[in-house]
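*Asks:* One structure coming up, written as structure tokens, with questions to follow.
The values are calculated or read from the model by the stated rules, or taken from the named source; none is laboratory data. A quick note: this is a predicted structure, and the numbers were derived from the prediction, not measured. Backbone-built Cβ (ideal geometry, glycine too); neighbour counts: all protein chains shown. To get the accessible areas, we keep the full protein, side chains included, count just its heavy atoms, and leave off ligands, DNA and RNA. Shrake-Rupley method; radii C 1.70, N 1.55, O 1.52, S 1.80 Å.
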Amino acid sequence: MTDLLAPVALTGRGFLVALGMAGSIAIFGARGISHIFRPPFYVRLFVRSFVEFAYFSLPVVAMTAIFSGMVIALQSYAGFAKYGATSAIANIVVVSVVRELAPVLAGLMVAGRVGAAMAAELGTMRVTDQIDALTTLSTNPMKYLVAPRLLAGTLALPLLVLVADILGVMGGWLVGTAKLGFNSHIYLQNTFDFLQSMDVVVSVAKAAVFGFLVALMGCYHGYNSRGGAVGVGAATTNAVVSASILILAFDYVLTELFFAR
Amino acid sequence: MSAQPKIRIRGLTKQFGDKRVLDGIDLDVPTATSMVVIGGSGSGKSVLVKCILGIIEPDDGSIEIDGKDVLKLEPAAQEAVRGEIGMLFQNGALFDSLPVWENVAFGLLARHSVTREQARARAGEILTEVGLAPSVGDLYPAELSGGMQKRVGLARAIAAKPAMLFFDEPTTGLDPIMGAVIDGLITQCVKGLGSTAIAITHDMASARRIGDQAAMLYKGRIVWQGEAQHLMDSGNELVDQFTHGRREGPIQMELRR
């Protein structure tokens, strides 16, 4: 009987651990947000995190957006040509890129680049007592390390995604005009006609949420890392994996919220 | 002694899981006295110091500083008490993303609203006090040797002229000569500032150089307290075995749990 119940007990334990961690992350996030609005404000640290998020992630996000737009154009052409609906390709590209691909792929790229670096940096600070040292120097580590990063992530990713929206559409336009023989003017006209301001608003809103999640996961796992180099490695992996999963989960939730009829 | 001690600890307990690390610590550290706490690895020395610093919250007991129980103070008042403390960590714990001068002046910039130029100038002066050239301030911690990192850590600890100084294994990882140099600097800084100090160490030579008084922690309790000069001839079995490094005696090393 005991053996039969073992999987149930294991599932229950796993569920309780997951629930505990969700609560712990929620409290950590709430504390981080509260420190954003209370002085002292570490403007230099915010600027440094913002530059790390926005400027240094620009190349990888730009490349991802361009190639994604190009692939969408090619794939949709291959499919739509069978039904003689190739004129809808510009519409498909702009909707796919702006509503989904740009925010999700930019979020995933930034999670891999900045979220991992954040977890590694804070994790190293934790295991080498640098976070404790902050406390002894009259500096609240949540305010000094976490709040500027949360704010930077939330504000920087929308900017990156706006750039990715433009470059993704350009990628589709490039393939459409150079390879598939579309008229440049008509392609762009279709794109602008089909694009709604709500699409851009949702794209930016998703990016803000994803940027916050990337920063939150990087900070949470780094800040709470234990056990030397192995612990820092695990924190880095956990930061990227959890941020990626949360980005996809929240993408569904936000899409349901904004677009479900 | 009738005078109120600078630090008075009573009944301090802390448990992690089923392991009771601190089991009712009672300890008095008189003002302007240097107290050395010795004890084996895992005996709770670091946890004791982290409790006093407010990094770890104890389960029970009191920590009075100047007669006020800091555990019962409001966060802002706790912050003010912490502002009177300087700490030298075992591995230096220097902020590796900041240059040395900014490490040294970190507390000044955080607490005293000095300008960056003033903080930089002050950092140069403090670096000189611990035997380093002001130009070292432009380097990053990763570019320094272990001994230099300890000196920078000490400079950071004393920068705000704290009333209390804590040292966690200040000579660990240093050669004997550098260890003696660091001990000399610590003594000079503590006496110069008139600070109350607590140092935790395994190094008996260092303990006698730094300490006025000493206490031994064993199984979460203070088992002996006396003059640091009597560490090697305390007459306490536990202290004698530990200070002389004898394998045989009442202290049994826990090889496995």
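*Asks:* Could you work out the mean count of beta carbons from other protein chains within 10 Å of each residue's beta carbon in A:24-36?
*Replies:* Mean partner shielding for this stretch: 0.
*Asks:* Applying a 10 Å radius around every beta-carbon, put A:226-234, A:55-63 in order of their mean neighbour count, most first.
*Replies:* Peptide ranking by packing, descending: A:55-63, A:226-234.
*Asks:* Using a probe radius of 1.4 Å on protein heavy atoms only, what is the accessible area buried between chains A and B, both sides summed, to the nearest 100 Å²? Write down the numbers at each step before the final one.
*Replies:* On the way: alone 13500 and 12530 Å², together 24360 Å².
Rounded to the nearest hundred, the buried surface is 1700 Å².
*Asks:* Remind me, relative contact order of chain A in percent, using alpha carbon pairs under 8 angstrom and six or more residues apart?
*Replies:* Relative contact order here is 30 percent.
*Asks:* Across the residues of B:48-61, average count of Cβ atoms on other protein chains within 10 Å?
*Replies:* So the per-residue partner count for this stretch is 1.
*Asks:* Next question, about the same structure. Charges at C-beta only: +1 for Lys and Arg, -1 for Asp and Glu. How large is the resulting dipole of the protein assembly as shown about its Cα centre, in Debye rounded to 20?
*Replies:* On the way: 43 positive and 43 negative charges, 145 e Å.
With Lys and Arg at +1 and Asp and Glu at -1, about 700 debye.
*Asks:* Rounded to the nearest 0.05, what FRET efficiency is calculated for residue A:31 and residue A:78 with R0 set to 51 Å and r the Cβ-Cβ distance?
*Replies:* Calculated transfer efficiency: 0.55.
*Asks:* Can you return the lysines within cross-link range of residue B:19? Criterion is Cα-Cα under 20 Å, with same-chain partners fewer than 8 residues away left out.
*Replies:* B:45, B:50, B:219
*Asks:* Which residues of the range A:127-151 bury at least 50 Å² of accessible area once all protein chains are present, versus their chain alone (1.4 Å probe)?
*Replies:* Buried on complex formation: A:129, A:130, A:132, A:135, A:136, A:137, A:138.
*Asks:* While we're on this one: Before rounding to the nearest 500, sum -39500 (n - 2.57) across all DSSP H runs of length at least 4 in chain B and divide by the residue total; then give [θ] at 222 nm in deg cm²/dmol. Numbers along the way, then the final one.
*Replies:* Working: 9 runs with 88 residues, N = 257.
Roughly -10000 deg cm²/dmol at 222 nm, from the helical runs in chain B.
*Asks:* Same structure again: Roughly speaking, to the nearest percent, how much of the range A:1-117's 1.4 Å accessible area is carbon and sulfur?
*Replies:* Of the solvent-accessible surface of the range A:1-117, carbon and sulfur hold 75 percent.
*Asks:* Averaged over peptide B:83-90, how many Cβ atoms belonging to another chain are found within 10 Å of each residue's Cβ?
*Replies:* So the per-residue partner count for this stretch is 3.
*Asks:* Here's a follow-up. Could you work out the helix-only [θ] at 222 nm for chain A, with each DSSP H run of four or more residues adding -39,500 (n - 2.57) and the total divided by the number of residues, to the nearest 500 deg cm²/dmol? Could the numbers behind the result be given before it?
*Replies:* Numbers: 11 runs with 207 residues, N = 261.
One gets -27000 deg cm²/dmol as the mean residue ellipticity at 222 nm.
*Asks:* Of the accessible area of chain B, with the probe set at 1.4 angstrom, what percent is carbon plus sulfur?
*Replies:* The C+S portion of the solvent-accessible surface of chain B is 50 percent.
*Asks:* Something else: Quick one: accessible surface of residue A:52, probe radius 1.4 Å, all protein chains present, in square angstrom to the nearest 10.
*Replies:* 70 Å²
*Asks:* Could you look at the range A:144-225 and say what percent of its accessible area is carbon and sulfur, using a 1.4 Å probe and all protein chains?
*Replies:* The value for the range A:144-225 is 72 percent carbon and sulfur by accessible area.
*Asks:* Where a Cα-Cα gap under 16 Å defines reach, which aspartates and glutamates qualify for residue B:6, not counting those fewer than 8 residues away within the same chain?
*Replies:* B:26, B:28, B:64, B:66, B:69, B:84, B:212
*Asks:* For a quick protection proxy, order the peptides B:205-211, B:9-15, A:147-153, B:163-169 by their average other-Cβ count within 10 Å, most packed first.
*Replies:* A:147-153, B:163-169, B:205-211, B:9-15
*Asks:* Enter the accessible area per residue of the range A:43-255 (Å², integer; probe 1.4 Å; all protein chains in place).
*Replies:* On the way: 8760 Å² over 213 residues.
Accessible surface, normalised per residue, equals 41 Å².
*Asks:* Right, something else. Do any residues of the range B:100-135 show a loss of at least 50 square angstrom of accessible area between the isolated chain and the full protein assembly, using a 1.4 Å probe, and if so which?
*Replies:* Going by heavy-atom accessible area, the residues of the range B:100-135 that drop by at least 50 Å² are B:106.
*Asks:* Could you tell me how far the Cα centroid of the range B:14-34 sits from the Cα centroid of the range B:166-216, in Å?
*Replies:* Their Cα centres are 19 Å away from one another.
*Asks:* Using alpha-carbon positions, what is the distance between the centroids of the range A:1-52 and the range A:173-237, in Å?
*Replies:* Cα centroid to Cα centroid, the span is 22 Å.
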